[in-house]
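The values are calculated or read from the model by the stated rules, or taken from the named source; none is laboratory data. Just so it is clear, the structure is predicted and the values come from calculations on it, not from any experiment. All Cβ positions, even for glycine, are placed from backbone atoms using ideal geometry, and neighbour counts span all protein chains on display. Protein only, heavy atoms only, side chains kept; ligands, DNA and RNA dropped before computing areas. Shrake-Rupley method; radii C 1.70, N 1.55, O 1.52, S 1.80 Å.
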Amino acid sequence: MSIVDLIIKKRQGQALAADEIAAFVKGVCDGSWKDYQIAAMLMAMFIRGLDPVETTGLTLAMAHSGDLFDLSRIPGIKVDKHSTGGVADTTTLILLPLVAACGAPVVKISGRGLGFTGGTVDKLESIPGFKVHLSAKEAIDLVMQSQAVILSQSDNLTPADKKLYALRDVTGTIDNIPLIAASIMSKKIAAGADAIVLDVKCGSGAFMQDLESARKLAQTMVDIGRLAGRKVVSVISGMSQPLGMNVGNALEVIEAIEVLKGNALGDLLEVTLVLGSQMLILAGLAENPTSARRLLQNKLQSGAGLQKFREIIINQGGDPRIIDDYQLLPQPACRGTLKASTSGFITAMDTAAIGRAFVEAGGGRKAKEDPIDYAAGFIFKHRLGDYIGAGDEIAAILAATEEKVRLAHSLLDQAIQIGNKAPKPEPVIIAVVQ
Ligand code: URA
């Protein structure tokens with residue numbers, strides 16, 4: 001069937017056969033499908049959906065579109081983690097050092113920002129010198145030495161996802177269960193870990209805005225993992241407000257360090273401990289969530305987690321002095337302040353809109369080639385449900401120009417609602433899907 005016929009077939013809502021999906025994935029990688037044809041197919045898939053057989057077929061074709069990491073040289077059960085994407089979701093930078101300090105080997109392959117969500121690779125690249133492009137051999141050697149490494153997807157690892165991810169980001173085809181499940185699980189299967197913990201975000205700052213869709217995505221990924229012979233646990237966590245207080249690349253590195261120093265508590269730490277506990281259980285290093293949490297908290301309190309983060313930065317060519325001197329991270333040229341126009345409770349935070357304001361501030365990309373401003377972002381002073389007085393600071397805004405500060409200010413202002421009645425508190429951990 002020709003490329004156009006395949007696009008029309010999906011556009012008409014028919015299921016694609018395994019060899020047709022394989023032809024699509026091959027065409028994405030070898031360039032025989034043009035970007036506009038791939039984008040048209042993605043939109044057809046987005047609108048018409050993919051059934052479970054198509055989703056698994058797409059996942060496996062994407063996983064095998066490049067190299068597969070062979071982690072057999074590393075002793076022990078290799079664990080991995082992935083988030084479906086959120087705002088101020090800095091868990092990886094805290095989790096990885098803590099879990100590694102407990103002895104679990106982790107080869108973490110992370111992505112760049114996607115749509116309104118941030119990306120770990122962008123955050124790490126804000127650390128001067130930090131290298132995210134490593135060969136498989138270099139990555140495995142580092143895990144043998146330090147238990148943990150964080151790298152960007154190489155051109156050879158799931159090249160199909162790399163291409164599709166970048167095109168989805170700029171064609172409005174991100175928030176779709178089969179496409180997200182295939183994207184995440186293809187990378188996780190190719191990355192070679194034995195066990196995977198997935199953080200499925202749910203709420204106004206997540207691709208899955210309601211619990212039903214989040215559960216469906218969680219279950220789809222657990223099912224794909226089972227078919228691929230991996231142990232998978234999904235944690236559904238809340239994203240109806242930014243997870244941490246800082247939204248930004250360098251800003252989130254700072255917040256992760258503050259958590260590792262024991263200076264910051266709250267939802268970001270809670271989600272980190274829950275995900276980390278599941279990783280330790282899957283790695284066979286703890287029997288239950290209580291004992292796993294205790295192990296992680298010990299590593300936090302003793303400073304072993306912070307020390308492990310320092311080691312990861314040094315291993316990957318970064319400047320470890322940033323841990324003690326945040327001025328060595330990229331600095332913004334301009335600053336502004338979002339103040340409350342009236343007193344009351346913060347009743348809603350449209351977190352996707354906050355993520356879009358962050359893109360406008362320069363911290364994210366609108367087109368896949370766009371450079372980003374590592375210093376840009378927001379420092380929130382309050383959380384959902386807080387009572388604030390008129391004129392109180394809600395957030396600091398950091399950007400490269402006054403114009404960007406103004407734009408972000410107006411978008412942030414619209415994203416935050418203040419009312420008379422305190423909203424019902426929502427737990428940040430919603431469910432665990434085994
Ligand atoms: N994270 C991914 O890796 N892929 C998606 O499609 C969405 C979030």
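At a glance:
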| item | result |
| --- | --- |
| Residue in segment 209-221 that is free of Cβ contacts under 8 Å to residues at least 12 places away in the same chain, open to solvent by 10 Å² or more (accessible area, probe 1.4 Å), part of a helix (DSSP H, G or I) and not basic (K, R) present | yes |
| Residue, farthest from the ligand (Cβ to nearest atom), within segment 119-132, restricted to residues that are open to solvent by 10 Å² or more (accessible area, probe 1.4 Å) and under 18 Å from the mean Cα position of the chain (by Cα) | E125 |
| Strands (runs of 3 or more DSSP E) (entirely within segment 315-397) containing at least 1 residues that are on the phi > 0 side of the Ramachandran plot | 344-349, 377-380 |
| Close pairs (7 angstrom Cβ cut-off, 6 or more residues apart or separate chains): within 17 Å of D51 (Cα to Cα) and free of Cβ contacts under 8 Å to residues at least 24 places away in the same chain in segment 179-197, near the ligand (Cβ under 8 Å from one of its atoms) and open to solvent by 10 Å² or more (accessible area, probe 1.4 Å) anywhere | none |
| Qualifying position, being hydroxyl-bearing (S, T, Y) and under 25 Å from the mean Cα position of the chain (by Cα), among T351, T337, T347 | T351 |
| Residues of segment 182-204 classified as touching a helix residue (DSSP H, G or I) at 6+ places or on another chain (Cβ under 7 Å) and more than 13 Å from the ligand (Cβ to nearest atom), total | 5 |
| Meets criteria (open to solvent by less than 40 Å² (accessible area, probe 1.4 Å), under 30 Å from L164 (Cβ atoms) and modelled with pLDDT under 95) for I354 | no |
| Which listed residue is surrounded by 24 or more Cβ atoms within 10 Å (Cβ to Cβ), within 16 Å of the ligand (Cβ to nearest atom) and closer than 23 Å to V132 by Cα, from T272, T158 | T158 |
| Some residue of segment 109-118 being part of a loop (DSSP other than H, G, I, E, B), open to solvent by 10 Å² or more (accessible area, probe 1.4 Å), touching a residue at least 60 places away in the same chain (Cβ under 8 Å) and away from the ligand (no atom under 16 Å from the Cβ) | no |
| Residue satisfying condition, being within 9 Å of the ligand (Cβ to nearest atom), more than 27 Å from G318 (Cβ to Cβ) and within 17 Å of the chain's Cα centre (by Cα), within set L179, L217 | L179 |
| Flag for A250 being among the hydrophobic types (A, V, I, L, M, F, W, C), under 17 Å from D80 (Cβ atoms) and away from the ligand (no atom under 14 Å from the Cβ) | no |
| Number of the exception - A283 against (1) surrounded by 20 or more Cβ atoms within 10 Å (Cβ to Cβ); (2) within 18 Å of the chain's Cα centre (by Cα) | (2) |
